[in-house]
Amino acid sequence: MAPGAPGPSVIAPVRAVVRLRRRVCLLRKRRLPPPGQAPDSGPQAPRAEPNQPRFFTFDGPAELSSRTPRKRRRRSRVVLYPETSRKCRPRAEHRSRAQCCLLLLVAIVGFQVLNAIENLDDNAQRYDLDGLEKALQRAVFGQPAAVGRIVTLLRDYLATHVHSRPLLLALHGPSGVGKSHVGRLLARHFRAVLEDGALVLQYHAKHHCPEPRAAQDCREELAQLVADVVARAEAEEKTPLLVLDEVELMPSALLDELHGFLQPQRSHPFHNAIYVLLSRTGGAEITRFVLQNASRALPLRPDGAHSAQAAAAARAEEELRASLQALLVREHPLWQVAAIVPFLLLDKRDVVNCFRDEMAAEGFFPEQARAELLAAQLSYHQVAGREFAVTGCKQVVARVNLL
């Protein structure tokens, strides 16, 4: 070897580089199309394969195509515990405090509802309205519709102790049909169930406010009596009863004072009370209505025996209440918020029952023939084959006392 020629250690790498360059150029000529031809137009143009790498390798196309891609194994989310280890469950999620508060609120509301239902039952049972209904049906003759309406209104009002306004019952009818008798029965019953006679007030206009007395003094006295009763009832958590008889004889100042008790601006004790007004006002209207409808043979009582007849009786009674309330409102606005209960004329058989009941109370044997003989001495309206007493049972006590 000449001294200036390069050694074998230098020529071998150079030859390897030259071979690599030639091979790279050859591969480029095979893959790249001519300058004027589209990439896919030539038949010799190689197709791009998805598995062909984008970087240079020493592997040929045949070797690249023979390789199959490896599938990636999906990791299983199921945790496999060894048989010898203890299987530990993950910790429970932390509960929010709002959920506990919501459950506590629901429980409190449920207990309040149950307590309210029990209080409703206790308040209704305190006044023994079933016993009152039986007593009125047994002692009051010829007024089943009036008795049923009174008991229904009392039952609805006494279902709870807290009220937004008082209950005003206005019993109207001719003389002797049982208005004052019903007022006495109501007062007796409430004295018994309330166990306190001071919670029941019976006010008679002719007795408490006679003619010579000034109306202003009567008004102040009535206001003081009512205030004392409702204050005592509020302290004992009971509903008082105030019965005012002969309201047609009251001066307008007393009616104004009664109307003031019903106003919303009054204190709560005045709203929790039952007022019963007994009056003969509208008696002529009721008498005319009964005599005009006597030919229909309507009992004017919702007994439900015949549906058509009961419906007609209910409509007739509703018309009577509407006309009677319109008549009373023209006299004083007090009756605008009152529940009107009309008392109808008594039939002759009802008067006979009054005589028998009074005779038994006085110690006489209630003989039917003798009672009919006494009832025949009274005056009657005779219409369509029916007889209605002019004075009702008002003269029964005096006739029995003469025996």
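Details
- The stretch 273-295, residues that are at pLDDT below 90 and either of a type in the set (Phe, Trp, Tyr) or outside any helix (DSSP H, G or I) (or both): Asn293
- Every condition in (1) out of contact with any helix residue (DSSP H, G or I) (no Cβ under 9 Å at 6 or more places or on another chain); (2) outside the structural domain of Val140 (by TED's automatic domain parsing) is met by Cys354 except one, and the failing one is (1).
- Long-range neighbours under 6 Å by Cβ, at least six apart or interchain, first residue in contact (Cβ under 8 Å) with a residue 40 or more places away in the chain within the stretch 188-213, second β-branched (Val, Ile, Thr): Phe190/Val200; Leu201/Val229; Gln202/Val243
- Qualifying residue in the stretch 158-170 (condition: without any contact (Cβ under 8 Å) to a residue 24 or more places away in the chain, surrounded by fewer than 22 Cβ atoms within 10 Å (Cβ to Cβ) and out of contact with any strand residue (DSSP E or B) (no Cβ under 7 Å at 6 or more places or on another chain)): no
- The residue of the stretch 257-267 that is nearest to His332 (Cα to Cα), among those that are part of a helix (DSSP H, G or I) and out of contact with any Lys or Arg (no Cβ under 8 Å at 6 or more places or on another chain), is His259.
- Note on the stretch 199-214: residues that are of a type in the set (Gly, Ala, Ser) and surrounded by 15 or more Cβ atoms within 10 Å (Cβ to Cβ) amount to 1.
- Output for the stretch 174-198, where each listed residue is among the basic types (Lys, Arg) and surrounded by fewer than 20 Cβ atoms within 10 Å (Cβ to Cβ): Arg184, Arg188, Arg191
- Any chance Gln202 is out of contact with any Cys (no Cβ under 7 Å at 6 or more places or on another chain), more than 30 Å from Val397 (Cβ to Cβ) and outside any loop (DSSP other than H, G, I, E, B): no
- Summed over the stretch 361-403, residues that are part of a loop (DSSP other than H, G, I, E, B) and more than 17 Å from Gly176 (Cβ to Cβ) total 10.
Yes/no matrix, rows are residues, columns are (1) assigned by TED's automatic domain parsing to the domain that holds Phe190; (2) in contact with a strand residue (DSSP E or B) (Cβ under 9 Å, 6 or more places away or on another chain); (3) at pLDDT 90 or above:
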| position | (1), (2), (3) |
| --- | --- |
| Thr239 | yes, yes, yes |
| Leu258 | yes, yes, yes |
| Leu262 | yes, yes, no |
| Arg266 | yes, no, no |
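The values are calculated or read from the model by the stated rules, or taken from the named source; none is laboratory data. Keep in mind it's a predicted model, so treat the numbers as computed, not measured. Positions of Cβ are generated from backbone atoms using ideal geometry, with glycine treated the same way; all protein chains shown enter the neighbour counts.
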